[in-house]
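What follows is a short report on a single structure.
The values are calculated or read from the model by the stated rules, or taken from the named source; none is laboratory data. Being a predicted model, the structure only gives us computed values, none of them experimental. Every residue, glycine among them, receives a Cβ derived from its backbone with ideal geometry; neighbour counts consider all protein chains shown. Side chains are part of the model used for accessible areas, which takes the heavy atoms of the whole protein and leaves out ligands, DNA and RNA. Shrake-Rupley method; radii C 1.70, N 1.55, O 1.52, S 1.80 Å.
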Amino acid sequence: PIIEGWFISHAHEDHFGAMEEIATKSNLANQIVVEGIYFMEPSKEMQDINNDRESIKYIKATHKLFKNQEGTQAGFYRPQFGQRYYFSDIHIDVCMTSEQFANERGLYTTDFNDTSLWLKTIIEGQSFLCGGDSAQTGARMIMKTFDKAYCTVDFFSVLHHAGNVYDYFTEFVTAHTAIYTTWRFASNGYGNPNESP
């Protein structure tokens, strides 16, 4: 398999753990090709507040275990707001990065989930909006940056395991299908298995 672009929304294990598992535990890194990994490293201030330096270090170390089609190390890229990436018949817009609102007056938050990368993907004419686990700051910045037409999509990934869905934002986004992610990390001492939607 060839992975042209592997995007990581933010440095929480339930969002990058598959990459680590494949590369280090399953010994599958040499059986797939990865052209590039895309990750927006949050500011040092945000890392200090949330004590997530170790997770970020894992992401940087793990990417080095993957090879591209030429047999050299997979690329490691820092997405920026406004960039559009093309992968075969798929294109991906970078809608939001933590850098856009880290210093925004009245909007700054210490919630590490608000370092999530926002992406709008077009696949075979269908649009998919995903904000990782973004919390209030990210949702408000999307509303400030884009109009409702941009957020009219075929699929919308409901934010943070559907745990922080704000009425003002769900009224702003129009989606044909909402995708809910489950919350099943109780075995790791994290979450409640009975909370899965």
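Looking only at the stretch 22-48, count every residue that is open to solvent by 80 Å² or more (accessible area, probe 1.4 Å) and either under 13 Å from Ile3 (Cα atoms) or in a helix (DSSP H, G or I) (or both) and tell me the total. Write out each step before concluding.
Our first condition is that a residue be open to solvent by 80 Å² or more (accessible area, probe 1.4 Å); within the stretch 22-48, this holds for 25, 27, 30-31, 44-45, 48.
Applying the additional criterion that residues be either under 13 Å from Ile3 (Cα atoms) or in a helix (DSSP H, G or I) (or both) yields 25, 30-31, 44-45, 48.
The qualifying residues number 6.
In the stretch 125-180, how many are in a strand (DSSP E or B) and closer than 24 Å to Pro42 by Cβ? Break it down into steps so the answer makes sense when it comes.
Let us first name the residues in the stretch 125-180 that are in a strand (DSSP E or B), namely 126-130, 152-157, 174-179.
Restricting the remaining residues to those that are closer than 24 Å to Pro42 by Cβ gives 128-130, 156-157.
Matching residues across the stretch 125-180 total 5.
Take the residues in the stretch 125-158 that are closer than 16 Å to Ser9 by Cα and out of contact with any Phe, Trp or Tyr (no Cβ under 8 Å at 6 or more places or on another chain); name whichever of them is surrounded by the most Cβ atoms within 10 Å (Cβ to Cβ).
Asp133
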